[in-house]
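Chemist: Before anything else, here's the structure in question.
The values are calculated or read from the model by the stated rules, or taken from the named source; none is laboratory data. Treat the numbers as computed from the prediction; the structure is a model and nothing was measured. Using ideal geometry, Cβ is built from the backbone for each residue, glycine included, and neighbour counts are taken over all protein chains shown.
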Amino acid sequence: MLLYTIQIPVAKKLGLDNDSRYLDITVKSGDKAFAPTWKMVMGSKQDRITDEEYAHQYTDLMRQSYKSNSQCWNEVLNLDEVILACYCKADSFCHRYLLKDMFVKCGAEYIGEIRSIDDLKR
Ligand SMILES: [Zn+2]
């Protein structure tokens, strides 16, 4: 699998939010199998949990999700290309990069963050 990441406003601007490869992983508008909880999101926004704690909680949550949503995980892991999307700015602390690392461990190849349409291989 070829893996990309993108910021949702950039995806909308580039018209990638309707692309078959696009995977919104936010708790607000995305696939809940890969989303953090609202409690984690608000805790992070309000500085009640550190990035390290957030990463730890998200990893635990995804371990559970892998068991309880295994069909969903397998469907995604079997795709040729996936674009992981979240609202956070590029290169900020964001769970799309944490999930990207998990997918890489599952055999995906990370191409990078999409900032312009030229960043897509095809
Ligand atoms: Zn994010």
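Chemist: Would you confirm whether any residue within the range 42-61 is of a type in the set (D, E, K, R) and within 14 Å of the chain's Cα centre (by Cα)? Full working, then the answer.
Modeler: Going through the range 42-61, the residues of a type in the set (D, E, K, R) turn out to be 45, 47-48, 51-53, 60.
Those left that are additionally within 14 Å of the chain's Cα centre (by Cα): none.
No - not one qualifying residue is present in the range 42-61.
Chemist: Turning to a different aspect of this structure: Among the residues of the range 1-34, which ones are assigned to a loop (DSSP other than H, G, I, E, B), surrounded by 13 or more Cβ atoms within 10 Å (Cβ to Cβ) and either on the phi > 0 side of the Ramachandran plot or touching a residue at least 24 places away in the same chain (Cβ under 8 Å) (or both)?
Modeler: Answer for the range 1-34, where residues must be assigned to a loop (DSSP other than H, G, I, E, B), surrounded by 13 or more Cβ atoms within 10 Å (Cβ to Cβ) and either on the phi > 0 side of the Ramachandran plot or touching a residue at least 24 places away in the same chain (Cβ under 8 Å) (or both): M1, L14, L16, D17, D19, R21, I25, T26, G30, D31, A33, F34.
Chemist: Which of the following residues is on the phi < 0 side of the Ramachandran plot, at pLDDT below 95 and out of contact with any Asp or Glu (no Cβ under 7 Å at 6 or more places or on another chain): R63, R122, R48?
Modeler: Working: R63 fails: at pLDDT below 95; R48 fails: at pLDDT below 95.
The match here is R122.
Chemist: If you go through the range 68-119 one residue at a time, how many are among the hydrophobic types (A, V, I, L, M, F, W, C), under 13 Å from the mean Cα position of the chain (by Cα) and either loosely packed, with under 13 Cβ neighbours inside 10 Å or within 12 Å of the ligand (Cβ to nearest atom) (or both)?
Modeler: Count: 9.
Chemist: State which residue pairs qualify: first residue part of a helix (DSSP H, G or I) and inside the range 105-122, second residue at pLDDT 95 or above in any location, beta carbons under 7 Å apart, and separation of 6 or more residues or different chains.
Modeler: From residues that are part of a helix (DSSP H, G or I), the pairs are I117/L14; D119/G112.
Chemist: Still on this structure, I have one more. Out of curiosity, is D60 charged (D, E, K, R) and not in a helix (DSSP H, G or I)?
Modeler: Details: charged (D, E, K, R): yes; not in a helix (DSSP H, G or I): no.
For D60, the condition - charged (D, E, K, R) and not in a helix (DSSP H, G or I) - is not met.
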